[in-house]
Amino acid sequence: MTHAARVTAVFFLVLLGGHAAFVPRAPAVCATRREQASSSPAAVGRQVLLLDPSVLTSILEEASGERVFRETAQLAALARYPASRGFHRAAELVAEKARQIGLKDVRILSFPAPIPRWDVIRGDLWLVAPEKRKLADTAHIGVSVAQFSRSVNVKADLVFVGTGTTEADYDGKDVRGKIVLASGPLPAVEEQAVRRRGALGIVSFYQSEFFGVRPSPDAVSWGALPPTTTAFAFMISPALGKRLSERLAQGERLRVRARIQTERSEPGFYEMVTGEIPGTTIKNQDIVFSAH
C-alpha cells in the first residue's frame, strides 16, 4: 500500500468501556479516485471504490476477531478515567501496538486538564446486614467506584430514592448520614442527596444508551461525581440495583459497608497517542485521521 502524503493518525482513548482501533488507510487512492470521478463525465453517478480490491483483500486477510477481542479486553480491564494512571497505561498500550504495526514517530502527547489527577487504589462495597454479600469491587470491575469519589470506610443504612434527582424522590425519607440507592445521573443525585440532605454517599445503577443501544442490565456503567464533591459513589448494574430496591420497598433494612482508597493530585493531564504513516511522493502535505 502506498500513500501520496504523510498520514498522521490520532488515537484518542475512549474513557470507560470503549477501545481504540488501528485501521490501515489509503488516502492517496481515495483522493485520486474522487478526482477521476469529478473530471470524467462517464464517472458521474457511478459508485467509485475508495480502495482497490487487492488492498481490501489484504486488509481482510490480516483481520482477526480474536485479536480485537483480546486487545479490547485488555483495555477494558483498566479504569480509564480522564487524567488517571489507568488512562496513562491505556495510552502506553496503544502506543506499543502502534509501533508494532509499523506506525512511525509514535508519541504520547500530554495536555493540561481542567480536572485533578484521580486514581482509585481499591474499593469494595458489601451488604453486611441482614446477610453478608459483596456488591461491588474494583478488583473485579475497575469502574465500580465513580470518578472523584473520596476515600472512605463507613457502614450505613441503604435508602432507595428512585432516580434521586427531584425533591419528590425524598418525600418522607431521611437520608442524612445514610447511603442512597438511586438510578439517576450522579451529579444530580449528589446535589439532592449529599449537598442538600446530608447523605454520606451513593450507590448508583444509572445507565445510559450509547448510540441508541442500551447496554445489558447486568453491565456496570462508569460514573463521575463533581470534582469538588465530599461524597463517594459506587456503580452497580441495573439488575442488582433492581433487586436491592425491591427488597427495600418490601420494608427490609439493608446495611452496607463502603471502603474506598483513592489518590488525588494537581494538576491533571489529558493524553493522546499519535503516529505517522510516511508518504511516498508528496512530502509537504499531511492528512490527519482521528479515532475516538
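Of R264, R243, R257, all but one fail to be closer than 30 Å to I108 by Cα and not aromatic (F, W, Y); the exception is R264. Cβ-Cβ distances below 7 Å connect the following pairs, each with a first residue in the stretch 242-259 that is surrounded by 11 or more Cβ atoms within 10 Å (Cβ to Cβ), a second residue that is assigned to a helix (DSSP H, G or I), and a separation of six or more residues or different chains: L254/L244; L254/R247; L254/L248. Select from the stretch 143-174 the residues that are surrounded by fewer than 20 Cβ atoms within 10 Å (Cβ to Cβ), farther than 20 Å from E191 by Cβ and either at pLDDT below 95 or among the polar types (S, T, N, Q) (or both) and list them in ascending order. The answer is S151, N153.
The residues of the stretch 120-150 that are over 17 Å from the mean Cα position of the chain (by Cα), under 14 Å from I260 (Cβ atoms), assigned to a strand (DSSP E or B) and touching a residue at least 24 places away in the same chain (Cβ under 8 Å), listed by number, are I121, R122, G123, D124, L125, W126, L135, A136.
Yes/no matrix, rows are residues, columns are (1) out of contact with any Asp or Glu (no Cβ under 9 Å at 6 or more places or on another chain); (2) aliphatic (A, V, I, L, M); (3) under 30 Å from T280 (Cβ atoms):
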residue	(1), (2), (3)
G65	yes, no, no
F69	yes, no, no
L78	yes, yes, no
F111	no, no, no
G123	no, no, no
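Counted as qualifying within the stretch 1-115 are the helices (runs of 4 or more DSSP H) with 3 or more residues that are modelled with pLDDT under 65 and over 24 Å from the mean Cα position of the chain (by Cα), namely 27-39. Pairs are defined by a Cβ separation below 9 Å, a sequence spacing of at least 6 or placement on different chains, a first member in the stretch 49-70 that is surrounded by 10 or more Cβ atoms within 10 Å (Cβ to Cβ), and a second member that is among the charged types (D, E, K, R) and not in a helix (DSSP H, G or I); no pair meets this definition.
For V194, the requirement of being within 24 Å of R257 (Cβ to Cβ) and in contact with a helix residue (DSSP H, G or I) (Cβ under 9 Å, 6 or more places away or on another chain) is not met. Looking at the structure I just gave you, is A239 aliphatic (A, V, I, L, M) and within 29 Å of R117 (Cα to Cα)? No: the conditions fail for A239. Taken over the stretch 260-291, the residue count meeting the criterion of being buried (at least 16 other Cβ atoms within 10 Å of the Cβ), closer than 30 Å to A146 by Cα and in contact with an Asp or Glu (Cβ under 7 Å, 6 or more places away or on another chain) is 1.
The values are calculated or read from the model by the stated rules, or taken from the named source; none is laboratory data. The shown structure was predicted, so the numbers you read here are calculated from the model rather than taken from an experiment. Neighbour counts run over all protein chains shown; Cβ positions are idealised from the backbone, glycine included.
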